[in-house]
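Since every read-out is calculated from the coordinates, none of them should be taken as a lab result. Since the model is a prediction, treat every value here as computed from it, not as a measurement. Here the Cβ positions follow ideal geometry from the backbone for every residue, glycine too, while neighbour counts run over all protein chains shown.
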Amino acid sequence: MKEIKHEAIENIEKSHKCEHNGYEYYRHKFIPYGASNNSVVSVYEIPPKKAAYPYHYHHNNEETFYIISGEGILRTPDGERKVSAGELLFFPTGEEGAHKLTNLSETDNLVYIDFDAVHEVDITVYPDSDKIGVWGMGVNKIYPESADVDYYEGE
C-alpha cells in the first residue's frame, strides 16, 4: 500500500550536476522517477547565471514549475520573458511547450518546484542542437537527429 508522503525540503537528499559550462543544478527529489505511477516532483536550485537544461520540449511528459525564489529568464517559442517568485509555469507536450529557464542573478540561486506528469516512454527534442532524447523502459540516450537509418539496416 502506498502512503502519503511529506517532507521538509531541507531534509530531502540533494544531488548536484555540473557537467557543462552554463548548466548546473542542485536537485531534491521529493517524488523520484519510479516512486509514483504518473508523477515526478523535484525542487531545483539553479546557481547564478546557469540553467538546469538546454532549450527542449517533450512529446509525452508535461511539466509545471512553481518559482519559490529568485528571478529567471524563461525562453519559449514566443520569445523570452522574466519570471519571478510566486509564478506558475506550465509546459504542454509538443513544440509549443519548448522551454529553457536561466537564473538571472549574479549572487542568488533560482529555486523552483518541478511537477512532471510522466509516461513510460518520452521523447525529448533539443531544437538548438538537433538532438533527440529517448527516456524510459531502460533506455536513456541522446541521439543526433541526423542519425537516421533505413528501417531494415543491419537486419
Vicinal HN-Hα couplings computed from phi for region 146-155 (Karplus, 6.51 cos²θ - 1.76 cosθ + 1.60; Hz; Gly/Pro x): 6, 7, 6, 10, 5, 3, 9, 4, x, 7
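How many Å³ per residue does the convex hull of the Cα positions in region 1-73 occupy?
Per-residue hull volume (Cα only) is 128 Å³.
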Karplus (6.51, -1.76, 1.60) ³J(HN,Hα), θ = phi - 60°, over region 109-117, in Hz, Gly and Pro reported as x: 6, 9, 10, 8, 9, 10, 9, 10, 8
Rg over Rh, two decimals, region 69-139 (C-alpha only, Kirkwood Rh): 1.00
Rounded to the nearest 20 debye, dipole of region 9-120 from Cβ charges on Lys, Arg, Asp, Glu: 220
Footprinting exposure proxy for L104, L110 (fewest neighbouring C-beta atoms within 10 Å first): L104, L110
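Can you give me the relative contact order of region 3-53 as a percent, contacts being Cα pairs under 8 Å and 6 or more apart?
On the way: 71 pairs, mean separation 16.3, N = 51.
32 percent.
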Sparsely packed trypsin sites (Lys or Arg not before Pro) within region 1-42, loop by DSSP, other Cβ within 10 Å at most 13: K2, K5
Residues with amide H under 5 Å from that of E62, placed H, sequence gap 5 or more: A117
Given the chain, longest segment not containing exposed loop chymotrypsin sites (Phe, Trp or Tyr not before Pro) (DSSP; at most 12 other Cβ within 10 Å): 1-150
Whole-number percent relative contact order across the chain, with pairs defined as alpha carbons under 8 Å at least 6 apart: 22
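Roughly what percent of Cα-Cα pairs across the chain reach past 22 Å?
45
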Length added when fully stretched, H119-S69, from 0.36 nm per residue minus Cα-Cα: 15.1 nm
